[in-house]
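Have a look at the structure below, then the notes.
The values are calculated or read from the model by the stated rules, or taken from the named source; none is laboratory data. Treat the numbers as computed from the prediction; the structure is a model and nothing was measured. Glycine also receives a Cβ, built like all others from the backbone with ideal geometry; neighbour counts cover every protein chain displayed.
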Amino acid sequence: MSDQLAPTAEAVLLFLCRSVVASPDAVSIEASAVDDARVRFDVTVDPDDMGRVIGRRGKVASAIRTVVGAAGAKDGVTTEVEFVE
């Protein structure tokens, strides 16, 4: 975990993603600063779990982005979450 960018948001994202997937050990997150106030998280999961993380019509992914956005506000940043295949 990269403690300097958005530790609360990253911890919440990791927890949520690991809770949804069948292979929690395969979840990895790469954080990068877009600018001073925005952090982008690239989430990689097992290919078999991609559907679980995205959900029907993207509802699970949307919910994850919303919760991580709230956690990012606590860190003082705006977050972007991308699910990478």
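Just a few scattered comments:
Every residue, every condition in (1) at pLDDT 95 or above; (2) closer than 17 Å to residue 84 by Cβ, yes or no:
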{"position": "5", "(1), (2)": "no, no"}
{"position": "12", "(1), (2)": "yes, no"}
{"position": "16", "(1), (2)": "yes, yes"}
{"position": "21", "(1), (2)": "yes, yes"}
{"position": "29", "(1), (2)": "yes, yes"}
{"position": "33", "(1), (2)": "no, no"}
{"position": "41", "(1), (2)": "yes, yes"}
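- Qualifying positions in region 1-35 - outside any helix (DSSP H, G or I) and surrounded by 15 or more Cβ atoms within 10 Å (Cβ to Cβ): 5, 6, 21, 27, 29, 31
- Number of positions in region 64-85 that are among the acidic types (Asp, Glu), assigned to a strand (DSSP E or B) and within 14 Å of residue 5 (Cβ to Cβ): 1
- The requirement of being modelled with pLDDT of 95 or more, out of contact with any strand residue (DSSP E or B) (no Cβ under 8 Å at 6 or more places or on another chain), of a type in the set (S, T, N, Q) and surrounded by fewer than 18 Cβ atoms within 10 Å (Cβ to Cβ) is fulfilled somewhere in region 61-70, by at least one residue.
- Residue in region 36-57 that is touching an Asp or Glu at 6+ places or on another chain (Cβ under 9 Å), among the charged types (D, E, K, R), without any contact (Cβ under 8 Å) to a residue 60 or more places away in the chain and in a helix (DSSP H, G or I) present: no
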